[in-house]
């Protein structure tokens with residue numbers, strides 16, 4: 001990996017913290033021997049810890065990601081990986097928060113640890129922030145080579161029905177970058193693809209460190225005056241588990 005891939009050229013510090021959470025299911029040795037250099041990792045960054053949930057505790061683990069509403073979503077999204085994870089005797093949790101970093105090295109290093117764990121017994125990975133789970137092969141394909149640094153691969157862009165037959169385009173996962181998620185309301189169905197591209201643009205800009213203040217505007221071709229941004233939400237918002245940038249689609 002070259003340094004620019006993990007840089008944040010637009011960075012100015014935000015008060016928010018970057019949060020990382022990954023669950024790696026598998027069967028691991030008593031002592032983990034990870035070849036981190038093979039995955040371009042310097043090890044877990046300060047603020048991110050790894051814990052182990054052994055088989056004897058899995059049945060009573062209150063935070064089990066394969067249960068409840070999240071478990072239902074994961075099972076539907078990747079039933080084969082879900083079943084593989086369900087049969088695994090152990091789970092390792094990588095979790096922590098970091099003050100808004102000026103580079104993405106923390107993400108690179110954490111992802112490298114996940115990849116190294118798949119080399120020593122890991123069989124499935126859950127990324128709860130984007131409501132997805134991966135088999136070991138899926139993970140390697142998703143985050144292979146240069147794709148590992150692409151912000152779009154760490155954030156989920158969703159589209160739901162909104163009022164009056166319009167659409168609601170939103171993201172999940174921007175908390176990994178200490179930035180708000182994106183919410184575009186009242187999008188005409190004919191403009192959903194365009195709104196998705198705008199959301200992806202905001203994901204990229206924010207992941208690279210840009211901050212958008214309350215009342216600022218995003219220049220959008222064909223939209224005089226651009227789209228106004230309203231900052232809001234909270235970390236307790238179940239739709240995002242994060243704060244948000246709210247944008248309302250202009251209507252003539």
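Nothing in this text is a laboratory measurement; each read-out follows from the coordinates by a stated rule. In this text, all values refer to a predicted model and were calculated from it rather than measured experimentally. Cβ coordinates were reconstructed from backbone atoms using ideal geometry, including for glycine residues, and neighbour counts include every protein chain displayed.
How about region 72-82: which of its residues are under 10 Å from residue 135 (Cβ atoms), out of contact with any helix residue (DSSP H, G or I) (no Cβ under 6 Å at 6 or more places or on another chain) and part of a helix (DSSP H, G or I)?
Keep residues of region 72-82 that are under 10 Å from residue 135 (Cβ atoms), which gives 78, 80-82.
Those left that are additionally out of contact with any helix residue (DSSP H, G or I) (no Cβ under 6 Å at 6 or more places or on another chain): 78, 80-81.
Passing the criteria: 80, 81.
Every listed requirement among (1) in a loop (DSSP other than H, G, I, E, B); (2) touching a helix residue (DSSP H, G or I) at 6+ places or on another chain (Cβ under 6 Å); (3) closer than 27 Å to residue 238 by Cβ is met by residue 34 save one, (3).
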